[in-house]
Amino acid sequence: MGTDNRKGVLYAIITASLWGFLAIVLKVVTSELSPVTVVWFRFAIAFVVLGLWTLIFRKTDFKIFLRPPFLLILTALFLALNYLGFIGGIKYISPSSAQIFIQIGPVSFALSGIIIFREYVNWRHIAGFILVLSGIGLFYSEQLQELVAGGEHFTRGMMLVLGGGLSWAVFATLQKSLLTRISPNQLNLFIYGACALALAPMVKFAQLQGMPAAHWYLLIFLGLNTVLAYGSLAMAIKLTEATRVSVIITLNPIITFVAMAILTRLEVPWIAPETFSLLSLFGALTVLGGAILVISAGWKRKM
C-alpha cells in the first residue's frame, strides 16, 4: 500500500470514528430542537471555523464563491438532503438502527467506484465486502425484528434515513469528480456556506431561548464534527479508492454500538437504552473481519 493510500485510509478511519458518535448526539439534540435548526447549526459552525482557518492560511480559496461550478452547487444540495434525511429519521428510530440504514450510502458509493470510476476489484475485495454486509445484517437482525413492531413511525424513520443515505452516495460520487478540479478546502468551504445560507430561513430560532447549556455544547460538537469528518472524508476520497473509503466508513456503526452499550450499562436518563445479543456481537466481528480483508488487499484502476 503506497503512502497516499495509507494516508487515505487514516483519513477515512477518522471520519468513521467521528460519525460513530454522531447518531447518539443527534438523538439527544433533536429532543430540544427541530431537525432543520440542528442541521443549520452544523453547517453554520462548520463554515465559521473553516472560514477563519481559510482566511488565515488560504485566502484565495474564497474565490470559489465567485463562480462556483454547477456540479458543486448540486453536491451541496445532496449533502443537505443527506443531513436532513438522517436527522429527520433519527427522531423516530434509535441511533443504532439509524446507523444500519444509513449504510446504504457507503455501499452505493462503493458501487459507483466500480461502475463510474472503474476501480478494479478481485475476489478478496468481493469476499470482504460480502462479509461486511453480512455482518451488518447479523449485527442488527434481532434489533430490527423488535423495532419493526413500532409500525408507522419506524417505517417513516427508516425511509428518511435510507433517503439520506442515497443522497450521501450521490454527494460522495459528485465530490470525487470535483476533487480533480478544486481543492478539498474549497469544496467544503462552499458547501458549508451555501447550505447554511439556504437553510437559514427555515430555522426556528425561538427554540434556542432557554435551551440548556449542555445542548449548546452538543451543537458546537456537531459543528466541529462536521468540519473534521468531512475534511477527512474529502482527503480520503482524494488519496484512495472510493470502494476502500466506503468499506472503512461502514465501521462507524460498531462505534455507535459500543457507545450505546456503555450508556445502557450506565443507565443514563437522557437516551433510551439498547440491548445487544451474542448474535449482534458476532455480526460486529464479521464486519471488522470483512473490512480488514478489503483494506489489506491491493487496489488498482482499470485501464
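Restricting attention to region 86-102, the residues that are assigned to a helix (DSSP H, G or I) and closer than 17 Å to V39 by Cα add up to 7. For region 240-251, indicate whether the set of residues that are surrounded by 15 or more Cβ atoms within 10 Å (Cβ to Cβ), among the small types (G, A, S) and closer than 23 Å to I126 by Cβ is non-empty. Among the residues of region 240-251, at least one is surrounded by 15 or more Cβ atoms within 10 Å (Cβ to Cβ), among the small types (G, A, S) and closer than 23 Å to I126 by Cβ, which makes the answer yes.
With crowded, with 19+ Cβ neighbours inside 10 Å, modelled with pLDDT of 85 or more and among the hydrophobic types (A, V, I, L, M, F, W, C) as the only criterion, which of A234, A213, A229 stands out? Residue meeting the stated conditions: A229. The lone criterion from (1) over 14 Å from the mean Cα position of the chain (by Cα); (2) part of a helix (DSSP H, G or I); (3) of a type outside the set (A, V, I, L, M) left unmet by F171 is number (1). Would you please name the residue that is modelled with the highest pLDDT, looking only at residues in region 117-164 that are within 21 Å of A242 (Cα to Cα) and not in a helix (DSSP H, G or I)? Out of the qualifying residues, it is N122. Here F65, F47 are screened, and the one residue that is surrounded by 24 or more Cβ atoms within 10 Å (Cβ to Cβ), touching a Leu at 6+ places or on another chain (Cβ under 9 Å), modelled with pLDDT of 90 or more and not basic (K, R) is F47.
The values are calculated or read from the model by the stated rules, or taken from the named source; none is laboratory data. Only a predicted model underlies this, so the values are computations on that prediction, with no experimental measurement involved. Every residue, glycine among them, receives a Cβ derived from its backbone with ideal geometry; neighbour counts consider all protein chains shown.
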